[in-house]
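Laboratory data are not the source of any read-out in this text; all were calculated from the coordinates shown. Here the structure is a predicted model, which means the values were calculated and not measured. Note: ideal-geometry Cβ built from the backbone for every residue, glycine included; neighbour counts use all protein chains shown.
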Amino acid sequence: MATAKEKIKYVGSPLERVEDNILLQGKAQYSDHLPTRAGTAHAAILRSPHAHAKINSISINKAKSHPGVLDVLTGDDVKEMSEAFLIVLRAPINQWALAVERVRYVGEPVAIVIARDRYIAEDAVGLIEADYSPLPPAIDQEEATKDDAPVVHEAAGSNVVSTREFSYGEPEKAFAEADKIVNVKIRYPRNSQTPLEGFVVNAEYIAGEDLYDVASNYQGPFTSHPVMSMALRVKNSQLRMRTPQWSGGGFGIKVQIFPYVVLMCLASKRVGRPVKWVEDKLEHLAAAAAAPNRVIELEAACKSDGTVTAFKFDQLDDYGAFLRAPMPGPLYRMHGILTGAYDIKNLTVRNRVVLTNKCPSAMVRGFGGPQMYYGIERVMHKVAVELGLDPLEVLKKNLVPAGVFPYRAAAGALLDSGDYPKAVELGVEKGHLADLKKRRDQARAEGKLYGIGYAAIVEPAQSNMGYLSNILPHEERQRNPKGGAAANATITVDPLGTVSVTADSIPQGQGHQTILSQIVADELGLTPENIKVNLDFDTAKDAWSIATGNYSSRFSSATTVACYKAAQKIKDKLARIASQTLNVPPKQIGFANGMVFDTANSENSIKFYRAAGAAHWTPGALPEGMEPCVRETGSWSPPELESPNEQDQINTSLTYGFVFDYCGVEIDRDTGAVKIDKYVTTHDSGTILNPLIADGQVFGAFAWGVGCALYEEFVYGEDGSFKTGTFADYLVPTIHEVPEPKIIHMESPSMVTPLGAKGIAEGNCMSTPVCIANAVADATGEQDLTLPLIASKVARIVHGEEPPPPSGDKVEESHATDGRLRGDGETAVPAPSDLVWETLLNPEALAAVIPGCHKLDEVEKNSYQAEVSLGVGPVRGKFRAKVALSDIIEGKSTTLSGGLEGPLGTSSGVGHVVLSEEDGKTIVTYDYAIKLSGTVASVGGRMLEGAAKALVKQFFNRLTAQITGQKDSGSSSGVTTNGLWAFIKRILGFKS
Amino acid sequence: MPQLSKDARHPVSCTLNGKEVSGYAEPRMLLSDFLTHEIGITSCHVGCEHGVCGACTVLVDGNITRACLTFAVQIDGCQIDTSECLANADGELSDLQKAFKKHHGLQCGYCTPGILMSLTAYLKENQDPSEQELREILSGHLCRCTGYVGMVRAVLDYCKNKTT
């Protein structure tokens, strides 16, 4: 048996996770499994099919009277019951939990149905009739900055709602004295790590207490708690937020559940019972949140030896339709380290925030880092190329040198520890870069397209809550200075000496329970199995602050410290108790192997549980002045996190790790597909608390980095329609696309945290996309690279633009290229043209011919209104169609215009039909161009053309049957077409 | 074929993880909703609801099945297995589950029960699969946390120990 002195250390060991037993058995209760009380109602949300439109009217009567429906709320109700959400900027950008007067992005919540069950609620959503007047949208973020662009928020006057300029050092001098100025312009795409579990909210308004009680998978930061409580017009204590222990992934995105928390609270208040809502994947992809797409123009002032002396940043970040707290965080979270891993003293920055008619942007893993480092590491690569130097040599030449830590970066980051050149050498050596270079040479000798890319980044962790105040000028900040970041953890030792821990980290699978149990076991001389860590969270009972939550790699340098501090307090108390029994001063007391002992004589000891038990069983015998029981909360905010200074310098995060990556990629010459041949990632993340978990975080961040580099992007049409509403459209890497990277560790303990740990979970989100892009640049020689580097994009680089087809071949325009579904064709109907004409213009006959048509009325001359059921792929629903005929040449031709509108989407289009007669048959010639938006465009994109053809065929079959009196056989020989229905559909405005 | 009325709740019985259970479902109720909200198990996780992510995978009469693409009334009389049946009665994890734990093959655990069920069915038929074959079966599941590394290591380790 080990003696008391032989203390086992758990921190730093690859302990298997305590979380895994319940997760592997499928017994964990995620938010959708939480108990709900009898009578709980369920919500479904009607969402905008338009990127930008005025809401003319919302008719809810049919939905409200649908059996099982309790109530329906619209923006008017929500505006009456709540305040607009607080935002960071002082700008008139008002947002409520439902759209008020206008819709500003596809997927924006417009109305909510509360019903007995979710199925009924969704049925009733289909019965709401919302009437819109579409407005021109602002979609492209650079176009949106122009004077003549449609304005997303008229009251704000412009889409550019914030511009800030910063200057550090002597940038003008550096640029004037530069041997060369190298610049890049990058366009970082919109993407998100898309947790598999979506948002879940259970909300109950408790009237007797005027209290909202919410259980959800919200992840913090709790800066948005007051945003919610103020919207609900209650004090903070009247909004009780609970989160369960288990959450199916977060990656920052679950911060953005807060508008839905408010919505469900209001719904519960209205119907007088709890309301539950579970987000589906289309809702998530279209409307949850996205990392902001960013345009960066970055200039580097260089000496001819590759030394970079200054950066000039011009950043334009697209926040979509609304600024939601804590936006525009991604633009400012990295501010202190805008010089990355490099010793660059001179810097200018212009930051602009632009709004567009897209889903609001928000926190996503990496939080501003992927965008910024894409600019920095692309420009460093290009510096090497333009100066004829090796990219790795340029990288090394500019690194913050060894021996200068703590190092104050130009914009204020206090880099706490590290040895960047040594980490690079370690990576080069242990990752066998020399072999990779040989591999590249050999591949190139064989005629292959092969490249090597590098990236070096500084990975920040634990955000300074004052970083966003840099968006205000110094004078304004002074009135209400912000800085710091508090963390809390509580340890309880019960009467039998068992230990339990609660903390404010709100994890989504990172293994926080395991790591906290390791820390507490080490401090109290126990084993991790004996530490019960419970990380479900309750604002009504747990210690919390605005920084509470799981984001910006906060855990390993914040919550762990609070827990460590709580353990110190427990030790102090138990040492004082034990000192009475052991007759030695408290300072001489140690903790190991379940014993509390005299460090000078380990035989002089008592069991841990007896020392702790004394505080419960015999409080009267405790040292004088000591309070009974054993429960201590550790709270911590590091002094290094100060408010921005007069020069706008700010230490944006507490700890700064270092990551150095390189990779080899091969590009398929035929397809343009990028294959990652080898990937090496070297991390200095300070002290590693659990190597198994640390590597898991690296693997996960890397996989998302691969997704960002090669596959993932939220795509919008020019009209603002959302095109990537399924996992068949928004491409997430599967196991085939993610190779195993080689991970190399180095440990330079942080000097600003007692445990020495830094963040490790975001580094590869920042380094991997640009490392892969640099390798593609090396392989192809192309420097203008925009992510994701999908095969077709790379193929265009390799082969050039596709040549025009041989003359005479017709080019079919696809809906994918301009957002319009187009088609034309002709078909023969075995009947005279006057009969066909009559049928087409006869409401009753036409109703019988249009597939899915329930009724068709002529509202005025040559203007029709119809109800039709249509479906594309998984989407099926009822639509209201309006069609008007114009340019009528009786019996010969007409122009049709109109559209479809329904809960699943809208369309509008124009078509032309010309009839001519030939051999007793009518030749119908038609063309159409339809614009689609809403759900169908989001999830049915790949099926639209096929569905259109099927509908056209069906239409002509039925037309023929109608005219000839035959029964529609489904494949009437008289109709050989693939077009007319498309025309109707386009008239009707729809596909599917 | 049974005649079902669209607005009626029909009795549905099945053997779920070795126990007889029954509940009621409208014809349109998804199996995933039935298992979670009618029966009350916690191992059928709804991820995408369009059959791509695989989080809701269960075994229906031993066949790998997406519960989000199956109606509850289709499984009347069937045997349904989820990850809740893999550990023994004392809660001791199966060897495959232990391998996942050892190699950190899961983080948030949301995709894990579905992955375990696909592997369970597959490994029953293929005792000695190659890594490529295992990757094929795992490619039917999306995981956003792990980068798949731990789960590949886990299942390779499991297979190696199984055959030695």
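Based on the mean of other beta carbon atoms within 10 Å per residue, what is the order of B:98-107, A:387-396, most packed first?
Top to bottom by mean Cβ count within 10 Å: B:98-107, A:387-396.
Under a plain spin-label model, where a point goes 7 Å from the Cα along Cα-to-Cβ, how far apart in nm are B:Glu131 and A:Asn480?
Modelled inter-label distance: 5.6 nm.
When you have a sec, figure out the Kirkwood radius of region A:115-231 from all distinct Cα pair distances and drop it here in Å to one decimal? Let's see the in-between values first.
Details: mean 1/r = 0.0469 Å⁻¹.
In region A:115-231 this quantity evaluates to 21.3 Å.
Once phi is turned into θ = phi - 60°, what whole-Hz ³J(HN,Hα) does the Karplus curve with 6.51, -1.76 and 1.60 give for every residue of region A:496-509, x standing for Gly and Pro?
9, x, 7, 10, 10, 10, 10, 7, 9, 8, 6, x, 10, x
Hey, what D do you get for region A:394-490 in µm²/s if you plug the Kirkwood alpha-carbon radius into Stokes-Einstein at 37 °C and 0.692 mPa s?
186 µm²/s
Restricting to Cα pairs below 8 Å that are 6+ residues apart, what does the relative contact order work out to for chain A? Please round to a whole percent.
Relative contact order, chain A: 13 percent.
Let's test this: bin the Cα-Cα distances of the protein assembly as shown at 20 Å from zero up to the farthest pair and state each bin's percent.
Calculated over all Cα pairs of the protein assembly as shown, the distribution is 11, 39, 36, 12, 2, 0 percent.
A:Gln442: net charge of surrounding residues, Cβ under 12 Å, Lys/Arg +1, Asp/Glu -1, itself excluded?
With Lys, Arg at +1 and Asp, Glu at -1, the net is +1.
Once fully extended, how much extra length lies between A:Asn94 and A:Lys793, figured as 0.36 nm per residue of separation less the alpha-carbon to alpha-carbon distance?
Contour length minus Cα-Cα distance gives 247.8 nm.
Take the Cα atoms of region B:10-85, build their convex hull, and give its volume per residue in Å³. Numbers along the way, then the final one.
On the way: hull volume 5.4 nm³, N = 76.
Hull volume over Cα atoms, normalised by residue count, gives 71 Å³.
Specify which residue in the list B:Val21, B:Val73, B:Asn63 is farthest towards the positive end of the charge dipole of region B:10-85, using unit charges on the beta carbon of Lys, Arg (+1) and Asp, Glu (-1), about the Cα centre.
B:Asn63
How much length would be gained if the chain were fully extended between A:Glu129 and A:Lys587, taking 0.36 nm per residue of separation minus their Cα-Cα distance, in nm to one decimal?
157.5 nm
So which of A:Lys9/B:Lys98; A:Lys437/B:Lys98; A:Lys312/A:Lys931; A:Lys358/A:Lys793 end up more than 31 Å apart, counting from Cα to Cα?
Violating the 31 Å limit, Cα to Cα: A:Lys437/B:Lys98; A:Lys312/A:Lys931.
Would you report the distance distribution of C-alpha pairs in chain B as whole percents per 10 angstrom bin, up to the bin with the largest distance?
Cα pair-distance distribution for chain B, in percent: 10, 39, 33, 14, 4, 0.
Once the Cα atoms of region A:580-669 are picked out, what are the Rg and Dmax in Å?
Rg then Dmax for region A:580-669, in Å: 25.2, 82.
Let me know the Rg and Dmax you get for region A:281-390 when you use only its Cα atoms, in Å.
15.9, 52
Add +1 for every Lys or Arg and -1 for every Asp or Glu among the other residues with Cβ under 12 Å from the Cβ of A:Val836, and state the total.
Result for the local shell: -1.
Helix check for chain A. Which DSSP H runs span at least 24 Å along their own axis by Cα, with a mean Kyte-Doolittle hydropathy no less than 1.0?
A:691-710
Which value, in debye to the nearest 20, gives the size of the charge dipole of region A:591-726 about its Cα centre, when Lys and Arg are +1 and Asp and Glu are -1 at the Cβ?
720 debye
How many percent of the alpha carbon pairs in region A:448-574 exceed a separation of 26 Å?
That tail contains 37 percent of the Cα-Cα pairs.
Treating only the Cβ of Lys, Arg, Asp and Glu as charged (+1, +1, -1, -1), what charge dipole size does region B:95-163 show about its Cα centre? Round to the nearest 20 debye.
Numbers: 9 positive and 7 negative charges, 65 e Å.
Dipole size: approximately 320 debye.
Taking the mean number of other Cβ atoms within 10 Å as a proxy for protection, how do you rank A:329-335, A:957-963 from highest to lowest? Each step should come with its number before you reach the end.
Values: A:329-335: 27.0, A:957-963: 22.7.
So the order, starting with the most tightly packed, is A:329-335, A:957-963.
Under the Kirkwood approximation for Rh and a Cα-based Rg, what ratio Rg/Rh is obtained for region B:95-163? Intermediate values should be presented prior to the final figure.
Numbers: Rg = 10.7 Å, Rh = 11.8 Å.
Answer for region B:95-163: 0.91.
Counting only other residues whose beta carbon sits under 12 Å from that of A:Ile923, what net charge do I get with K and R as +1, D and E as -1? Please report the intermediate quantities before stating the final value.
On the way: positive: A:Lys892, A:Lys921; negative: A:Glu826, A:Glu917, A:Glu918, A:Asp919.
In short, -2.
Give me, ordered by chain and number, the residues 5 or more places off A:Met746 or on other chains with an amide H under 5 Å from its own placed amide H.
A:His683, A:Asp684, A:Ser685
Just want the answer: with Cβ charges of +1 for Lys and Arg and -1 for Asp and Glu, which residue in A:Met626, A:Ala300, A:Thr960 is farthest toward the dipole's positive end in chain A?
Result: A:Met626, furthest along the dipole toward the positive end.
At a threshold of 8 angstrom on Cα-Cα distance, excluding pairs fewer than six apart, so keeping six or more, what relative contact order does region B:95-163 reach in percent?
After rounding, I find 55 percent.
I'd like the Karplus ³J(HN,Hα) series for region A:455-460: coefficients 6.51, -1.76, 1.60, θ = phi - 60°, whole numbers in Hz, and an x wherever there's a Gly or Pro.
Karplus values, whole Hz, x for Gly and Pro: 7, 10, 9, 9, 9, x.
A:Tyr10's amide H: which non-local residues (gap 5+, or another chain) put their own amide H closer than 5 Å, with H modeled 1.01 Å from N in plane and none for Pro or chain starts?
A:Asp522
From other protein chains only, count the Cβ atoms within 10 Å of every residue's Cβ in A:11-24, then give the mean. Before the final figure, lay out the partial values.
Values: counts 0, 0, 0, 2, 0, 5, 5, 1, 5, 12, 7, 3, 11, 16.
What the average comes to for A:11-24 is 5.
Enumerate the amide H contacts of B:Asn17 below 5 Å, restricted to partners 5 or more residues apart or on another chain; note that Pro and chain-start residues carry no placed amide H.
B:Ile80, B:Asp81, B:Thr82
Looking at A:Val428, A:Gln442, A:Gln478, which one has the Cα that reaches farthest to the positive end of the dipole of region A:424-487 (charges on Cβ: Lys, Arg +1; Asp, Glu -1)?
Positive-most Cα among the choices belongs to A:Gln442.
Averaging over every viewing direction, what projected area does the convex hull of the Cα atoms of region A:199-351 cover, in nm²?
Details: hull surface 47.8 nm².
Seen from a random direction, the Cα hull of region A:199-351 projects 12.0 nm² on average.
Please state the charge dipole magnitude for the protein assembly as shown, taken about the Cα centre, from unit charges on C-beta atoms (+1 on K and R, -1 on D and E), reported in debye and rounded to the nearest 20.
On the way: 113 positive and 137 negative charges, 384 e Å.
The calculated dipole for the protein assembly as shown is roughly 1840 debye.
I need the phi-derived Karplus couplings for region A:323-333: 6.51 cos²θ - 1.76 cosθ + 1.60, θ = phi - 60°, integer Hz, Gly and Pro marked x.
8, 10, 3, x, 8, x, x, x, 7, 10, 4
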